[in-house]
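Working notes for the structure below.
What follows is calculated from the coordinates using simple rules that are stated; it is not laboratory data. Everything numeric here is computed off the predicted structure, so don't read it as measured data. Positions of Cβ are generated from backbone atoms using ideal geometry, with glycine treated the same way; all protein chains shown enter the neighbour counts.
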Amino acid sequence: MLQDRIEVDGSPLDKTPAIYVVLNKPRGVVTTTSDEKGRVTVYELLEPGLPWVGPVGRLDKASEGLLLLTNDSEWAAKITEPASHLDKKYHVQADCVADADLLARLTRGCAVASDSVAGEPGELLRAKEVRLLRHGDKNSWLEITLDEGKNRQIRRLLEALQVRVLRLVRVSIGPLELGDLKKGSTRRLKPEEKKAIDRALQTQA
């Protein structure tokens, strides 16, 4: 059986080892390699000399928290593909005092029009689980669990229910938790954490 081999000047090119990075993305940082508006990108927060890695999914500019980056594209695709149904948890500050009715409506879901196509039939957006963490006189913190990755899903769903998101922090991806990693800091994914995510993906498959 023939196998392809890549060589440079007659010497075989070693395969770059798989790299898995955990980042606590701050608010205001964009998840792109470069930005025409001069905004800080996640790549400016990575350790110098790190081989290229790509984000596993996205967090929009206003969102913060747990973001994985890797050069293992097959592994990244498994995490982000809708069929994986890998739970992702977010702590969300809403501009209202949440009651039982709002929590029920978030899990029941509603049809929301696309961000990009006016007049397009709405897609059903809903949370897998919602619980109230705490509340003040004018706002609340909710823990929202998603098992699908639709664009700006939480913001669009809450907006459809006339609720504005004040902060949105991703705190876990499957069994991996953000923990006490400081904002703007990175670390390498531990081997046991990688194995735990892989087991979760197999369970959901």
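In this structure, GLU129 does not satisfy being touching a residue at least 60 places away in the same chain (Cβ under 8 Å), acidic (Asp, Glu) and surrounded by 14 or more Cβ atoms within 10 Å (Cβ to Cβ).
The number of residues in segment 159-205 being under 15 Å from the mean Cα position of the chain (by Cα) and assigned to a helix (DSSP H, G or I) comes to 1. Among the numbered conditions (1) touching a residue at least 60 places away in the same chain (Cβ under 8 Å); (2) in contact with a Lys or Arg (Cβ under 7 Å, 6 or more places away or on another chain), the only one that THR186 does not meet is (2). For segment 128-142, check the following and say yes or no: at least one residue is among the acidic types (Asp, Glu) and part of a strand (DSSP E or B). Yes, segment 128-142 has at least one match.
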